[in-house]
Amino acid sequence: MTSPAPGWSITADVVVVGSGVAGLTAALRCEAAGLTTVVVTKARLDDGSTRWAQGGIAAALGDGDTPEQHLDDTLVAGAGLCDEKAVRILVTEGPDAVRRLIETGAHFDESSAGELELTREGGHHRRRIAHAGGDATGAEISRALVEAVRAVTRGEREALSAKGGGGRRAGLRAIENALVLDLLTDADGRTAGVSLHVMGEGQHDGVGAVHAPAVVLATGGMGQVFSTTTNPSVSTGDGVALALRAGAEISDLEFVQFHPTVLFLGPDAEGQQPLVSEAVRGEGAHLVDADGVRFMVGQHELAELAPRDIVAKGIMRRMQEQDAEHMFLDARHFGAVMWEHRFPTILAACRAHGIDPVHEPIPIAPAAHYASGGVRTDSHGRTTVPGLYACGEVACTGVHGANRLASNSLLEGLVYAERIAEDIAASHAENGLHARVPHPVPYPEVPEHPLLEPETRFAIQRIMTEGAGVLRSADSLAKAAEQLQQLHTDARDALHENGKTAEPGVDTWEATNLLCVARVLVAAARQREETRGCHWREDRAERDDTAWRRHIVVRLNPDRTLAVHTTDTADFPPTRQHRPAQRPQEQ
């Protein structure tokens, strides 16, 4: 993107972009393996999407539950597009990963007997969801990991101070309030670090660079591409856009999960909306219309606890039938004590908006929640760009398929972050004590990507909500594609014809990233002419396994047009990443 050349730089063995469960887990594991690690995060360490996760983390930890049962539920939710190998890794390595998280300091709710208090959510046939603080699981996981990171950095600072500033370099450091701009690559196309903009706080300021042979993208989601979402304001698809510009492949981006039960704040509400966790339905809340009719009964064997795509569709159908703006979630039968003990965060959010769920049903409607697709990786988190890894919501590991099973996301972040750290450590060991830090290709004199004005963000969100939201059709997607292309063309022509582009800055960089991911999402959604998982085509209402049980992969051509292709089968092609040649031992 258009930006000043880096004015400062630091070096590391690995740079992790993002500070949610995936990013901090990867960083801690890399540091523990002896790698000099830098964490870059867009706001504060604890401001990512992880802290907003209410429901919990799924793993086969309860009596009678097994990884095989967890696998079966995940495959059903994924609607035929899960990579079974990736899912098996998740469910078999997941229980121990959760136990290591507990050892790191995360405290989950326990029964009076001192055992984990597990609950159910949509799509699960067993109680296997561990939660904390009732409905504050993400906040507790974030707290534990942030404290672990700060303890490591504090301990290293004290050790260096005791040595009078000597000794080895600090193994882990964090750069907060920093928006990552682009991947740096060397002349061979290998990862050489990232450029970033630090927003006026800390040791560095302005545009700089972290030079490293390994970069881990853990930037979270892209919910802000829609007008209403459960995602925080920082979720602008930066990781996917960065990966695209670097030449990486993106897969399954059409599968955006819309959470069925988001607090309805009115037809004009925009931005982040309060989530009403699936765990509320797991404990027995009912979805009803204005007449109190439970409309999900009879639509699926699990009724309100069907997979999220089915529940979201059920809600939207009922809204259409009744020309209503929202439906209701009725949990008045919980009583005040259960609401206050089990769901204190949701209770407070509802009451803050003038709704008391103890005495009245909660108005709800679907909103953009989770991207099941993203930067395509293999089972070790490796992308199609050598040295670039991805994990968490920004990645497409094959675990989620066409629709993420509830509470699998935190587990995926844990499991695949650990696998990435192991792979980077192994690669580092093969190259001797100190991995080579490549020399990045110099910044181009003429910017390749024009920037958009900040207000374009709202235009993109309206286009996406109207044309590529819960309900999609060939006509709505074609209109969205045309409008997005016009935004892209206008900015490109202005740059090429007279060198004009929006002033570089956080707002313009974010708007530019949003347009990039919006174009890819719409292109993939137009290509998939069926309804599957959380991709709902009104004009193609049936699932078509013969033609469409396969993946849609997108990359950027050198001229910045989109290259869209469909895989031959439901299997992911290999990322074809190879370890670098072993460098000669230092004399």
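The values are calculated or read from the model by the stated rules, or taken from the named source; none is laboratory data. The model shown is predicted, which means the values in this text are computed figures rather than measured ones. Glycine gets a Cβ as well: all are built from the backbone with ideal geometry, and neighbour counts include every protein chain shown. We work out accessible area using only protein heavy atoms, side chains counted, and drop any ligands, DNA or RNA first. Shrake-Rupley method; radii C 1.70, N 1.55, O 1.52, S 1.80 Å.
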Hits in segment 492-508 (condition: open to solvent by 30 Å² or more (accessible area, probe 1.4 Å), part of a loop (DSSP other than H, G, I, E, B) and either of a type in the set (A, V, I, L, M) or modelled with pLDDT under 80 (or both)): Gly499
Any hit, segment 80-99, residues being over 25 Å from Ala218 (Cβ atoms) and either touching a Lys or Arg at 6+ places or on another chain (Cβ under 8 Å) or modelled with pLDDT of 95 or more (or both): yes
Hits in segment 219-229 (condition: more than 16 Å from Thr456 (Cβ to Cβ), open to solvent by less than 10 Å² (accessible area, probe 1.4 Å) and of a type outside the set (Gly, Ala, Ser)): Thr229
Of all residues making up segment 2-33, the number that are under 26 Å from Val441 (Cβ atoms) and open to solvent by 20 Å² or more (accessible area, probe 1.4 Å): 9
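Quick one: how many residues across segment 42-78 are of a type in the set (A, V, I, L, M) and assigned to a helix (DSSP H, G or I)?
Final tally of qualifying residues: 4.
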Which listed residue, of Tyr370, Tyr389, is touching a residue at least 24 places away in the same chain (Cβ under 8 Å), in contact with a Gly (Cβ under 6 Å, 6 or more places away or on another chain), crowded, with 24+ Cβ neighbours inside 10 Å and among the hydroxyl-bearing types (Ser, Thr, Tyr): Tyr389
Residue within segment 326-349 that is out of contact with any Leu (no Cβ under 7 Å at 6 or more places or on another chain), of a type in the set (Phe, Trp, Tyr) and part of a helix (DSSP H, G or I) present: yes
Residue within segment 233-253 that is closer than 29 Å to Glu304 by Cα, at pLDDT 95 or above and either out of contact with any Pro (no Cβ under 6 Å at 6 or more places or on another chain) or buried (at least 23 other Cβ atoms within 10 Å of the Cβ) (or both) present: yes
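Could you tell me whether Ala53 is under 23 Å from His380 (Cα atoms), in contact with a Ser or Thr (Cβ under 6 Å, 6 or more places away or on another chain) and in contact (Cβ under 8 Å) with a residue 60 or more places away in the chain?
Working: under 23 Å from His380 (Cα atoms): no; in contact with a Ser or Thr (Cβ under 6 Å, 6 or more places away or on another chain): yes; in contact (Cβ under 8 Å) with a residue 60 or more places away in the chain: yes.
Answer is no for this residue.
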Residues (under 22 Å from Pro4 (Cβ atoms) and of a type in the set (Gly, Ala, Ser)) located in segment 206-242: Gly206, Gly208, Ala209, Ala212, Gly239, Ala241
Every pair of residues 6+ apart whose Cβ atoms lie under 6 Å, when the first sits in segment 261-278 and is in contact (Cβ under 8 Å) with a residue 24 or more places away in the chain while the second is open to solvent by 40 Å² or more (accessible area, probe 1.4 Å) and part of a loop (DSSP other than H, G, I, E, B): Phe264/His326; Pro267/Glu325
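How about segment 79-118: which of its residues are assigned to a strand (DSSP E or B) and surrounded by fewer than 22 Cβ atoms within 10 Å (Cβ to Cβ)?
Within segment 79-118, the subset assigned to a strand (DSSP E or B) is 110, 116, 118.
Residues satisfying the conditions are Glu110, Leu116.
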Within segment 119-129, considering residues that are open to solvent by less than 20 Å² (accessible area, probe 1.4 Å) and assigned to a loop (DSSP other than H, G, I, E, B), the one modelled with the lowest pLDDT: Gly122
Complete set of residues in segment 257-309 that are within 18 Å of the chain's Cα centre (by Cα), more than 23 Å from Pro344 (Cβ to Cβ) and open to solvent by 10 Å² or more (accessible area, probe 1.4 Å): Phe258, Gly271, Arg308, Asp309
Pair list, Cβ under 8 Å, 6 or more apart: segment 108-127 residue in contact (Cβ under 8 Å) with a residue 40 or more places away in the chain and at positive phi, other residue assigned to a loop (DSSP other than H, G, I, E, B) and crowded, with 19+ Cβ neighbours inside 10 Å: Gly123/Ala306; Gly123/Pro307; Gly123/Leu405; Gly123/Ala406
Residue list for segment 357-394, filter: among the charged types (D, E, K, R), within 23 Å of Phe255 (Cα to Cα) and more than 10 Å from the chain's Cα centre (by Cα): Arg376, Asp378, Arg382
Lone unmet requirement of (1) more than 20 Å from the chain's Cα centre (by Cα); (2) farther than 24 Å from Ala192 by Cα; (3) open to solvent by less than 10 Å² (accessible area, probe 1.4 Å) for Asp73: (3)
Among the candidates Ala32, Ala12, Ala53, residue that is within 16 Å of the chain's Cα centre (by Cα) and at negative phi: Ala53
Hits in segment 329-354 (condition: surrounded by fewer than 19 Cβ atoms within 10 Å (Cβ to Cβ) and farther than 16 Å from Gly282 by Cβ): Arg332, Gly335, Ala336, Val337, Glu340, Pro344, Ala348, Arg351, Ala352, His353, Gly354
Flag for Ala139 being under 30 Å from Leu347 (Cβ atoms), at pLDDT below 95, in contact with a helix residue (DSSP H, G or I) (Cβ under 7 Å, 6 or more places away or on another chain) and surrounded by fewer than 22 Cβ atoms within 10 Å (Cβ to Cβ): yes
